[in-house]
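The structure under discussion appears below in the form of structure tokens.
The values are calculated or read from the model by the stated rules, or taken from the named source; none is laboratory data. In this text the structure is predicted, and so the values were computed from the model without any measurement. Please note: Cβ atoms are built from the backbone with ideal geometry, for glycine as well, and neighbour counts cover all protein chains shown.
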Amino acid sequence: MKSRLDKLNVTSPASYPEYVGQMCKALSDKFATDIKIITITGMTDIADYFIIASAKSAAQCKAAFEHLEATMEKNDMFAIRKEGVTEGRWIAVDYGEVIVHIFHQETREIYGLDTLWNNGANVQAYVEE
């Protein structure tokens, strides 16, 4: 069964699909920092990847989310569900195979998703090319 992410018909030599890189770049474009890609394939059925990013304020979290959403919609990728947009402390955006978490820095430190899902070899820092 093909997913809606297959619509992009992308191939990538990177260790993660191209659409994951597009999501990371969209976040980076709005000054999200410490962007990490966590491969969770086989660890859970909820997704294949988490993308975790930080922002310095609730307004910056919201701006990063809005830019992410607009960028992905241009590529015919639509969020299934989004939570936390009003508060802007932890915004979770579900794209099916990818769940994007945009945290206010303090909130990210409290929940520690980076370490919770780290199995020693599945966390990659996003570096813009």
- Out of the stretch 116-128, which residues are in contact (Cβ under 8 Å) with a residue 24 or more places away in the chain, surrounded by fewer than 19 Cβ atoms within 10 Å (Cβ to Cβ) and not β-branched (Val, Ile, Thr)? Trp117, Asn118, Asn119, Asn122, Gln124, Ala125, Glu128
- Within the stretch 72-103, track down each residue that is surrounded by 11 or more Cβ atoms within 10 Å (Cβ to Cβ) and either acidic (Asp, Glu) or on the phi > 0 side of the Ramachandran plot (or both). Glu73, Glu83, Gly84, Glu87, Gly88, Asp94, Gly96, Glu97
- Of the residues Ala70, Ala64, Ala59, Ala53, which single one is in contact with a Ser or Thr (Cβ under 8 Å, 6 or more places away or on another chain), at pLDDT 95 or above and not in a loop (DSSP other than H, G, I, E, B)? Ala53
- Query: Would a scan of the stretch 104-115 turn up a residue that is within 19 Å of Glu18 (Cβ to Cβ) and loosely packed, with under 11 Cβ neighbours inside 10 Å?
  - Reply: no
